[in-house]
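Worksheet: the structure to be examined is printed underneath.
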Amino acid sequence: MLISAPAFAQSNQAAATLANQSGCMVCHKVDEKLVGPGFRDVAEKYKDQAGAAEKLAQKIKKGGVGSWGRIPMPPHPQLSDESANVLAAWVLKGAPPQ
């Protein structure tokens, strides 16, 4: 199934808004390290891994430590599975703004 450019842009924009509303941008930037890694670095690290989207969605919901150093990523259990999946897919695309 093909997605039109406007629909693709809206989904990226919606994911970026979700990332802002969910507090992701407090610790992450798109293209550089803040507290946690930049989203583009995450996309690069996981680009060839099978099941990367599912792993990342679980890490978003459950938190984790050790993948990027000793600073833990806090869990976000308030996010629905759907929201965590949207965020994971967006991050793995390099967190495009639109």
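Every read-out reported here was derived from the displayed coordinates using simple, explicitly stated rules and does not represent laboratory data. The structure displayed is predicted, hence computed values, not measured ones. Here Cβ is always computed from backbone atoms with ideal geometry, including for glycine, and neighbour counts include all displayed protein chains.
Working from the Cα coordinates of the chain, the gyration tensor eigenvalues give, after taking √(5λ), semi-axes of 21, 14, 14 Å in decreasing order. Remark on Gly64: its backbone amide H falls under 5 Å from those of Met73, a criterion applied only to residues 5 or more positions apart or on other chains, H modelled at 1.01 Å from N. Under 19 Å of direct C-alpha separation, and excluding same-chain neighbours fewer than eight residues apart, Lys33 reaches these lysines: Lys45, Lys47, Lys59, Lys93.
Tilt of helix 5-21 relative to the longest C-alpha principal axis of the chain, in degrees (0 to 90, nearest 10)? Taking Cα atoms only, the helix is inclined about 30 degrees.
Local charge for Pro74 was computed over the other residues whose Cβ lies under 13 Å away, with Lys and Arg +1 and Asp and Glu -1, and equals +3.
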